[in-house]
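Nothing in this text is a laboratory measurement; each read-out follows from the coordinates by a stated rule. Just so it is clear, the model here is predicted, and its values are computed rather than measured. Positions of Cβ are generated from backbone atoms using ideal geometry, with glycine treated the same way; all protein chains shown enter the neighbour counts.
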Amino acid sequence: MFVPELNGADVLVLHYINGRTEDYKLNQQFWKYQYNTEPDNSLNKLLKMRLIELKLDYYSSLKSLTIEDLKNILESLGKSKSGKKVILIERIIDTPNFENNVSIHVPRIWKATPKGQALINNTDFVLYTHRNLLSYTNPIEIYDYCMHNKTLSSKEILVNQMLRITEFAEKSKAIDSGLSMNYLAISQIYKEYGDIHNQIKYLAKSCVKSFVNAHEFDYAIMDDGESIFKTRHDLPSTLVKDASIVTASDIKLRDLFTEELAKEVSEEKDLKYFDLKEVIFIVLGTIDKNADIVMETYHDVYVREFESKKIKSSPVPSAKISLVDTITPLLERAERAADRMEKAQRAYQSSRNGIVGKIKSLFNKK
């Protein structure tokens, strides 16, 4: 069941408010910032559409009482006092008109109507997106995608949306070409819905993507050295944790995981530095916490790809340039000084000639 009049934020409010007491307040600032919506408006919409209502919550009130209090109530109702606390509460509630004979504080709670509960049951992907996928998408986008693909299951909606986002990112190069975390998120969706084989498949894909290095880092890696090279290719800790849990639970699943690793390596076009054996050594070594194998493999790859290919440049050109840069200003300064001296000599000669001429003219007059 889907409701076109609602958006993903409205549906998320329904998920959050259901079962809460009347005085529960949603964080207005968070909803405004995160989803550009006001939860009170969403709540009013849900009420108007009769997807939620306020009801007295006898169960919560009785649950807050002690077992002795519950037994006293049952005694006043003439009912049996035996059984665990849950049984005592149910026995009280099942007594007709018990509320007329029991003096307790009963709060009102937000309770989804049958129509509202059906919507909650069919939109668990909205809540999952809010809790786990906000780095990639949001409840409004995922609900809109659902409205255009109503025949898909919740798992298919989440996976398809993540695959669409990942494919776009790979084509547009919007983020690091590794995209390891995208595939890890898809793996975790399959984990949520109990699909172990697809979970392993995307765990393996996520591992291999961790080894795909963005081209713009190549020169920096050569300059930064072996430790930085290893750090840039380390498996994310969340990925290691998920893979460790899966591979430790069953030897057949570990074998399946290894097979998927091999398949992904063979299909990965952007894997630049590592071969199949090296990827498997590092991944399984990291999962098994075998630091020696991991460090040795990284070292071998680095030596082969970088240390053995380094070209030592000659210092002569830079020395010549430095010498020219030093002498040129001195020569220019000397030339300017010579020009000034030449001008001074011409001025002196001109002045001297003028004085001599004046003296001669005086003698000639006499």
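If the chain between Asn97 and Ile196 were fully stretched, how many nm would it gain, using 0.36 nm times the residue separation less the Cα-Cα distance? This chain segment gains 30.7 nm when fully extended. The charge dipole of the stretch 21-105, taken about the Cα centre with unit charges on the Cβ atoms of Lys, Arg (+1) and Asp, Glu (-1), comes to about 240 debye, rounded to the nearest 20. Determine the alpha carbon to alpha carbon distance for each of Lys63/Lys84; Lys25/Lys111; Lys32/Lys150 and list only those over 18 Å. Those over the limit are Lys32/Lys150.
Modelled label positions at Leu134 and Asp300, each set 7 Å beyond Cα in the direction of Cβ, lie 4.4 nm from each other. Length, then width, then depth: along the principal axes, the Cα atoms of the stretch 1-137 run 56, 29, 27 Å.
Just to confirm a number: summing +1 for Lys and Arg and -1 for Asp and Glu over residues other than Pro139 whose beta-carbon lies under 14 angstrom from that of Pro139, what do you get?
Net local charge, Pro139 excluded: -3.
Over all projection directions, the Cα-based convex hull of the stretch 58-172 averages an area of 10.7 nm².
Cβ-Cβ distance of Ser227 and Asp270, R₀ of 22 Å, FRET efficiency by 1/(1 + (r/R0)^6): the value works out to about 0.40. Other residues lying with their Cβ under 13 Å from the Cβ of Arg164 contribute a combined charge of -4, Lys and Arg counting +1, Asp and Glu -1. Placing pseudo-labels 7 Å out from each Cα toward the beta carbon at Ile67 and Asn121 gives an inter-label distance of 3.4 nm.
Between the residues Val86, Leu127, Pro107, the greatest Cα displacement towards the positive end of the dipole of the stretch 54-132, with unit charges on the Cβ of Lys, Arg, Asp and Glu, is found for Leu127.
Between Asn41 and Gln29, full extension at 0.36 nm per residue minus the direct alpha carbon distance yields a gain of 3.0 nm. Modelled spin labels at Ala169 and Lys84, positioned 7 Å past Cα toward Cβ, are 4.4 nm from each other.
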